[in-house]
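In what follows, a structure is listed as structure tokens, so that the remarks can point back to it.
The values are calculated or read from the model by the stated rules, or taken from the named source; none is laboratory data. If you're wondering where the values come from, they're calculated on a predicted model, not measured in any experiment. Here Cβ is always computed from backbone atoms with ideal geometry, including for glycine, and neighbour counts include all displayed protein chains.
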Amino acid sequence: MNNVKKTMTLLLIMSVLLGIFAACQKGDGTGDNSSKPAGTAGPGGTNAGTDAKEEYVFPDEKLDGYTVKIFSIMGPQTTWLTFPYFDTEDSSSKISTAIYQRNAQIEETLECKIEETNADASNVELWASLLAEDTDEYQAGVDYSWNSITRAGLNYLVDFGTIDSIDLSKPWWDQNINNAYSLNGHVFVTSGSAMTSSWDEIFVLYFNSTVAGNIDGEMDLYQEVKDGQWTLERFCQLITAGDNDLNDPGAEKEHYGFATQAFYAVPSFMGTNNVTYGILNSDGKIENNTSSDRFINTVQTLAERLPESDSIYYGDAEVDTMFMNGETFFMQECIGAMANMRNLSEFDYGVLPMPKFNESQEQYYSYSGAQYLLFIPYTNANVEKTGVVLEAMMGLSEYTLKQTYIEDMLGQIYSRTPEAAEMMNEYILPNTLYDIGGRQGLQFNTLIPLDQMVPMGMTDVVSAIDAVRDAIQDKIDAVNEFES
């Protein structure tokens, strides 16, 4: 391999994809989608929601002291949000305790060692230099999804589907991510039940239970979800009702029916109609979906139904504070936002999946902005042994770490509102939508300012899309051209 040439090519493409790195830290739309979005929620995997639980069973083989070193690029979150590993048990954290006990069991049973090294998120060139050296220093890595997709296109990564010790059909591997980020049928990047970041970045709707009771004492939003009646139309009706409940006539405007971050609001609500910026064609190649009638009609509907108003607030990170202060009926945020509310014993709230785009839709879709993906570099000298350890980490986490995560994140409402956990298990985690063309993929969204146009109620999106068609295609070609 010409390592110098590959390194230069990688850095060139990364400069295109990461130009907006700092910004990423934190068809009326009806009928079936004729093209498969790169991230369509599908059956099976971590997001399966199946009735029968398939338990993980350790293989008979021993690894004779084999060490798996995992290199993780760290964002602003804490360690357990990427590929979590702890050297000591922390009894003050249920999640870290579950992780420690899982890894200790794996190390003892398989006779191996698991190590993790973290690097600052700003060091985007580090993996390029490590891979170019052709050394087996690290056996697996976790990095930003857009970096990983680029490396896949340069043949730097191993196809998980070729590793006999890994079975991607098992429920502890995230089938939705595998579908979203596969290239020409190859799964170069993935996630699963050992990586809590995949759940952390799923966007949901939170509601103030007190306001819901004031609007209608008989209202049961959880039952509406179960009955398939939780729709965009119903949501918009309740925005107005919630705003009216929170504001006395003639009072100075300080409250809203709905508050959200504009940064993620548009792709999240696009996702309710199973619409993504990018799709995969029948050959597994990435295609631009922004010119499709379904995409355009969906965005136009959102601009008509959800413009910024006296009832709807588009803001920034302060929306969770507004919600906890009782200043909005609904809040859209990621599941990770629960960490700020789980110990609030006096604040009663609920969590719902994103609504259906319309009632005829068969299922709910919850958009994920998952930033971190797992990969195995081509420099790995023993992918089968690495696969044994990764399979064990994912398999043991499916029915232990996942449930611990849900219980810990819901905090105070876990015991008093069992329906919230049911929403997580049955309607949110099973139907997660990922977008290879979106904010955590090739970032077409940075070229089309929909996060500004929709809040302003601007429905003429066609000209904005047409103006950047060539630029979007350049991003696609940069990956498709080099794809193995």
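May I ask you to say which residue of G457, G437 is in a loop (DSSP other than H, G, I, E, B) and at pLDDT 90 or above? Sole residue among the options that is in a loop (DSSP other than H, G, I, E, B) and at pLDDT 90 or above: G457.
For the stretch 440-454, what are the residues that are aliphatic (A, V, I, L, M) and at pLDDT below 85? Residues satisfying the conditions are L442, L447. Of the residues making up the stretch 343-380, those that are in a strand (DSSP E or B) and either among the polar types (S, T, N, Q) or under 19 Å from the mean Cα position of the chain (by Cα) (or both) number 10. Assess whether T240 counts as being out of contact with any Pro (no Cβ under 8 Å at 6 or more places or on another chain), in the same structural domain as E308 (by TED's automatic domain parsing) and either at pLDDT 90 or above or in a helix (DSSP H, G or I) (or both). Yes; evaluated as a whole, the condition is true for this residue. If I ask for residues that are more than 21 Å from the chain's Cα centre (by Cα) and buried (at least 23 other Cβ atoms within 10 Å of the Cβ), which ones from the stretch 315-342 would you list? F323, T328, F329 - these are the residues of the stretch 315-342 that are more than 21 Å from the chain's Cα centre (by Cα) and buried (at least 23 other Cβ atoms within 10 Å of the Cβ). Of the residues making up the stretch 173-209, those that are hydroxyl-bearing (S, T, Y) and at pLDDT 90 or above number 5. Please work out if D310 is of a type in the set (D, E), surrounded by fewer than 24 Cβ atoms within 10 Å (Cβ to Cβ) and either farther than 23 Å from Y434 by Cα or in the same structural domain as T196 (by TED's automatic domain parsing) (or both). So D310 passes the test. Evaluated against (1) crowded, with 21+ Cβ neighbours inside 10 Å; (2) closer than 21 Å to S193 by Cβ; (3) modelled with pLDDT under 90, P377 falls short on exactly one condition, (2). The set of residues from the stretch 381-432 being of a type in the set (G, A, S), assigned to a helix (DSSP H, G or I) and over 16 Å from I335 (Cα atoms) comprises G387, A392, G395, S397, S415.
Cβ contacts < 7 Å: first residue part of a loop (DSSP other than H, G, I, E, B), restricted to the stretch 177-199; second residue of a type in the set (K, R), any location; separation 6+ or different chain. Result? Short answer, once both residue conditions are applied: N184/K285; S193/K402. Within the stretch 460-484, the set of residues being part of a loop (DSSP other than H, G, I, E, B) and either out of contact with any strand residue (DSSP E or B) (no Cβ under 7 Å at 6 or more places or on another chain) or charged (D, E, K, R) (or both) comprises D460, V461, V468, E481, F482, E483. Restricting the stretch 83-109 to residues that are within 19 Å of Y138 (Cβ to Cβ) and at pLDDT 85 or above leaves a set whose member that is surrounded by the fewest Cβ atoms within 10 Å (Cβ to Cβ) is E107.
Right, W172: closer than 29 Å to T379 by Cβ, buried (at least 24 other Cβ atoms within 10 Å of the Cβ) and among the aromatic types (F, W, Y) or not? For W172, the condition - closer than 29 Å to T379 by Cβ, buried (at least 24 other Cβ atoms within 10 Å of the Cβ) and among the aromatic types (F, W, Y) - is met.
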